[in-house]
Amino acid sequence: MLVAGVQRELNRLSEYNYASTGLIFQDFQRLAEAAHVSHQKLDEANAKLDDVIGILGRIESKLGETELPPTPSAHPIPSVSGVVGRERELEELAARFGHTSAATIVSEPQSSVSLLGVVGIGKSTLAAYYYHYYKDKYANVCWRDLRRDYTISGLVQAFAALIGATFDPRDIPNADNQALQLIAWLQAMSQPCLVVLDNLETVLARDGQPNQPGWATLLAYAASVAPSHLLITSRLVPTDDAGNELDPYLLGGLSDEAGAKLLSSKIQPQKRASIAPADLTTAAKQASGHPQALGFLAQLVNGGYSLPDLLADTTLWRGDIATKLLDKIWNDDSLLTEEDHLLLEYVSIYDRPAPLLFRQPVSPADIAGMIANLDADLHPSGKWDKEPIDRAMLALTRRSLLNVDASRYTMHAIVRDYAYPKLSDPAAHHRAATTHFCSLYTLDAHIDPTYSVADVQPLLDAFDQLCAAGEWLAAADLMLGDYLLYERNWDKPRWLLSISPPYAFDDYLLYESNWGKTLHERLVIWGESSRIVRLLGRLVVPPAADQLLPEYLGIVLGNLGLAYAYLGNARAAIDYFERALKIAEQVGDLKLQGVVLGNLGIPYAYLGDVRKAIDYFERALKIYEQIGHLRRQGAHLSNLGLAYAELGDARVAIGYFERALKIAEQIGDPYGQGVVLGNLGDAYARLGDARAAIDYFERALKIAKQIGDLLMQGAHLSNLKLAYTSLGETDKAAAYNSRAIPIQRQIGEMSGEAIGWNNLGILHVGQGRYLDTLACYLRSLLTLRRIEDPNIKQTWRNILTVRVAVSEADWPALVQQAAATLAAEGMELPAALLEEVRNITPAEDAPPASQAV
């Protein structure tokens with residue numbers, strides 16, 4: 001008969017309409033026998049429920065007939081079924097967040113808490129313990145293990161998915177603004193949410209300051225996310241820009257009583273019966289209550305060692321106790337076989353500490369794939385296929401040496417740091433892992449990608465492995481090489497000197513004909529600039545920077561500058577561009593000089609130093625004229641036109657735009673023609689020549705339709721609306737505005753859609769069409785409310801102008817008619833919002849007329 005804890009787990013699965021418990025029991029029997037665990041031992045070992053639940057987790061993944069209810073976030077939350085002690089710490093943590101009335105612990109509730117402690121002390125476990133006890137206090141819980149994904153964009157995407165919001169990093173490329181969006185969401189919640197940032201040390205420098213984009217901004221606002229809560233775990237003390245520690249809570253070892261209880265629970269019943277309680281307490285004290293050390297100690301006792309003899313061995317209880325106990329386990333052949341040693345060493349290849357590797361937990365297939373690609377002299381004897389590896393890894397979880405979650409495994413940092421140095425030739429193993437990951441990459445996904453970093457995750461894993469192997473040139477080639485020509489063999493690089501092209505400071509990217517084929521360029525398109533900073537950042541510091549050829553290093557520096565430019569960090573972008581320019585000049589690479597000079601102008605334009613930007617654009621243009629690169633000549637002629645338009649010199653700008661248009665026509669670039677025609681229309685609009693502006697906007701719109709560019713179509717329809725409005729031709733303006741709105745909706749530009757409705761309402765109000773006007777404003781109100789856009793305040797003011805224009809008696813009927821119009825379109829106004837519109841009251845200083853957003 002199964003232990004009660006196992007039966008509870010089986011009942012839980014049945015409640016979710018999972019597979020029948022009979023089928024689960026059959027699989028459980030098979031797995032238990034494969035792992036050499038008898039039913040009698042399982043019956044006796046109630047305290048080893050974690051092991052049983054781990055096996056059940058494997059059963060869940062193997063059956064796969066029906067999915068369990070979704071977890072609170074994409075990253076799994078550690079199990080707490082075997083937690084012993086920590087009740088006092090849990091109460092103190094709850095008090096800090098205001099869930100208990102323990103006034104002696106904290107005077108006022110906090111919005112954030114940082115759980116700090118040494119490796120293996122149980123920070124993540126306590127955070128999970130808090131979640132399991134207090135999850136009902138929160139509307140949503142977002143658990144992020146930063147060892148798996150350290151990017152701000154990944155965190156914001158996960159939270160947006162939980163609350164049903166829309167977030168695309170391409171819409172908010174600046175990592176600091178992404179962090180502010182998350183803060184705004186947390187503050188705006190009607191019910192509190194909990195965000196857990198596990199292993200924050202992943203994004204911290206040694207001084208505790210964030211070293212990845214966006215995190216400094218997030219931590220600066222950590223104390224002001226109320227009503228929501230931010231729970232951090234970290235080995236390092238996180239600090240803000242002023243050096244202030246972020247609400248630290250130092251987690252020590254277990255109490256002697258709790259430590260003795262934990263140790264007892266991990267020792268087999270027949271062994272435990274002969275152990276004096278005092279010895280358990282002494283062991284807990286000797287181990288300073290360190291949970292991992294106590295786990296290793298239990299494995300020694302289970303393996304036949306006497307606890308009193310272990311306590312008497314003074315060499316075990318000085319210095320790093322957990323590592324010394326692990327060393328004793330490792331060197332006892334009766335506890336770990338040579339195959340066990342190799343398997344743990346192999347897992348350590350995939351689980352290096354950040355920032356060496358950032359990857360998902362390892363699967364048995366990953367281990368088998370690496371072994372298959374090892375050189376003959378390193379290949380282990382025997383058969384190392386997926387199934388036997390899986391069984392062996394599962395057995396190691398019962399010895400506290402591996403952890404399992406949904407068929408994938410991780411290892412504790414103490415085990416990892418012990419096992420990795422045991423490897424013979426680690427670099428060769430990392431190269432074998434690289435070859436395995438490259439074999440997993442699907443080329444079709446790269447040619448026709450969806451927006452998902454998961455499409456290229458094998459390549460990102462391969463990049464990390466190459467860096468760990470010290471293969472810096474191959475790692476750079478993996479990021480920047482042309483993958484339509486890539487041979488999928490890391491040791492045969494196809495370096496094509498791929499460089500991201502210059503872009504204008506109106507966010508127009510001038511794509512080369514083959515642009516978008518490299519891993520780096522795909523990440524750019526997907527808005528993953530934070531990830532690019534981390535990846536390329538490893539190649540511009542020693543030892544990588546010392547090994548790359550100067551021209552390659554210049555390319556990496558230039559692309560790193562471009563990533564910082566996308567993130568809105570103009571100063572960092574300038575620094576990297578200048579370093580790249582210095583190298584380009586030293587090696588005499590005119591093409592690289594042209595690219596970097598053009599890109600240097602962009603951040604200076606953003607910083608408001610347009611004259612300096614013009615100087616860089618002119619220098620870049622001169623180089624491209626010298627080498628005869630027409631496409632980039634056109635790009636910098638456009639850049640110069642935009643810069644002079646920014647300075648208010650529209651006629652000079654027109655001269656540059658006309659030259660750029662001629663080149664775009666000459667090389668047959670319809671996209672470039674459309675962009676430049678739009679810029680010409682804008683320049684003539686600045687001069688007050690609306691008719692000329694309309695002509696250029698219509699030509700640009702025609703091209704946008706021909707090439708199927710919806711974004712450009714929406715922009716030029718809006719431009720035409722503005723131009724006709726300036727001429728007083730409101731009917732034509734309204735017609736173009738109406739055409740722009742569905743396009744903006746189609747491309748997901750909700751802010752632009754809301755602005756379009758607002759502006760259309762303004763056109764209607766000028767004609768006294770108050771019902772149409774109010775309906776437009778309500779559409780804008782609903783859209784802006786959904787995305788929490790600050791422009792909603794202006795929409796409320798515009799609604800107020802309609803209220804002022806109609807009588808008090810007519811207003812309720814007008815609101816009801818407008819609401820009915822929206823309902824017929826499927827846009828239902830919430831009752832509370834509808835009541836708020838009905839009750840809007842004109843103030844004495846009410847705006848005399850509607851204003852455009």
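The values are calculated or read from the model by the stated rules, or taken from the named source; none is laboratory data. Given the structure is predicted, the values throughout are model-derived calculations rather than measurements. In this analysis, Cβ positions are derived from the backbone assuming ideal geometry, glycine residues included, and neighbour counts consider all displayed protein chains. Heads up: the accessible areas ignore ligands, DNA and RNA and are worked out on the full protein's heavy atoms, side chains in. Shrake-Rupley method; radii C 1.70, N 1.55, O 1.52, S 1.80 Å.
Numbers below:
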| quantity | calculated |
| --- | --- |
| Spans of helices (runs of 4 or more DSSP H) in the range 568-640 with at least 3 residues within 31 Å of the chain's Cα centre (by Cα) and touching a residue at least 12 places away in the same chain (Cβ under 8 Å) | 570-587, 590-606 |
| Residue match in the range 633-653 (condition: within 17 Å of Val556 (Cα to Cα) and modelled with pLDDT of 90 or more) | no |
| Residue match in the range 91-113 (condition: part of a loop (DSSP other than H, G, I, E, B), under 22 Å from the mean Cα position of the chain (by Cα) and either among the hydrophobic types (A, V, I, L, M, F, W, C) or not assigned by the TED database to the domain that holds Ala216 (or both)) | no |
| Lone unmet requirement of (1) at pLDDT below 80; (2) in contact with a Pro (Cβ under 7 Å, 6 or more places away or on another chain); (3) buried (at least 19 other Cβ atoms within 10 Å of the Cβ) for Leu567 | (1) |
| Matching residues, the range 237-252, being open to solvent by 60 Å² or more (accessible area, probe 1.4 Å) and modelled with pLDDT of 90 or more | Leu250 |
| Any hit, the range 344-361, residues being open to solvent by 20 Å² or more (accessible area, probe 1.4 Å) and without any contact (Cβ under 8 Å) to a residue 24 or more places away in the chain | no |
| From the options Thr841, Thr801, residue that is over 30 Å from Ala160 (Cα atoms), at pLDDT 65 or above, among the hydroxyl-bearing types (Ser, Thr, Tyr) and surrounded by fewer than 20 Cβ atoms within 10 Å (Cβ to Cβ) | Thr841 |
| Filtered residues of the range 368-397 (kept if open to solvent by 40 Å² or more (accessible area, probe 1.4 Å) and under 23 Å from Pro78 (Cα atoms)) | Arg391 |
| Residue, modelled with the lowest pLDDT, within the range 76-102, restricted to residues that are among the hydroxyl-bearing types (Ser, Thr, Tyr) and farther than 21 Å from Asp145 by Cβ | Ser101 |
| Residue ID - farthest from the chain's Cα centre (by Cα), chosen from residues in the range 805-838 that are modelled with pLDDT under 80 and part of a loop (DSSP other than H, G, I, E, B) | Glu825 |
| Complete set of residues in the range 193-233 that are of a type in the set (Asp, Glu) and under 16 Å from Cys142 (Cβ atoms) | Asp198 |
| Top-ranked residue of the range 582-599 - restricted to ones that are out of contact with any Gly (no Cβ under 8 Å at 6 or more places or on another chain) and buried (at least 18 other Cβ atoms within 10 Å of the Cβ), ranked as nearest to Ile525 (Cα to Cα) | Gly598 |
| Residue in the range 647-657 that is crowded, with 19+ Cβ neighbours inside 10 Å, more than 25 Å from Gly714 (Cβ to Cβ) and touching a residue at least 24 places away in the same chain (Cβ under 8 Å) present | no |
| Residue check, Asp320 in contact (Cβ under 8 Å) with a residue 12 or more places away in the chain and farther than 25 Å from Asp145 by Cα | no |
| Pairs with Cβ under 7 Å, 6+ apart, first in the range 115-142 and surrounded by 20 or more Cβ atoms within 10 Å (Cβ to Cβ), second among the acidic types (Asp, Glu) | Leu126/Glu89; Ala127/Asp198 |
| Evaluation of Ile163 against (1) open to solvent by 20 Å² or more (accessible area, probe 1.4 Å); (2) in contact (Cβ under 8 Å) with a residue 40 or more places away in the chain; (3) more than 21 Å from Ile532 (Cβ to Cβ) (one fails), failing number | (2) |
| Unique match (being surrounded by fewer than 21 Cβ atoms within 10 Å (Cβ to Cβ) and under 30 Å from Val541 (Cα atoms)) among Lys622, Lys612 | Lys612 |
| Residues that are farther than 21 Å from Ser124 by Cα and open to solvent by 70 Å² or more (accessible area, probe 1.4 Å), drawn from the range 258-270 | Gln270 |
| Residue check for Asn679: among the polar types (S, T, N, Q) and either within 18 Å of Ser718 (Cβ to Cβ) or free of Cβ contacts under 8 Å to residues at least 24 places away in the same chain (or both) | yes |
| All positions within the range 301-330 that are within 41 Å of the chain's Cα centre (by Cα) and either more than 17 Å from Lys285 (Cα to Cα) or open to solvent by less than 50 Å² (accessible area, probe 1.4 Å) (or both) | Ile321, Ala322, Thr323, Leu325, Leu326, Asp327, Lys328, Ile329, Trp330 |
| Complete set of residues in the range 670-711 that are open to solvent by less than 20 Å² (accessible area, probe 1.4 Å) and farther than 20 Å from Ile654 by Cα | Ala704 |
| Qualifying positions in the range 729-738 - open to solvent by 50 Å² or more (accessible area, probe 1.4 Å) and modelled with pLDDT under 80 | Asp731, Ser738 |
| Matching residues in the range 188-214 - criterion: being assigned to a helix (DSSP H, G or I), of a type in the set (A, V, I, L, M, F, W, C) and either surrounded by fewer than 21 Cβ atoms within 10 Å (Cβ to Cβ) or touching a Ser or Thr at 6+ places or on another chain (Cβ under 7 Å) (or both) | Ala188, Leu200 |
| Ala365 vs. criteria at pLDDT 90 or above, open to solvent by 20 Å² or more (accessible area, probe 1.4 Å) and of a type in the set (Gly, Ala, Ser) | yes |
| Verdict on Ile602 being surrounded by 23 or more Cβ atoms within 10 Å (Cβ to Cβ) and touching a strand residue (DSSP E or B) at 6+ places or on another chain (Cβ under 7 Å) | yes |
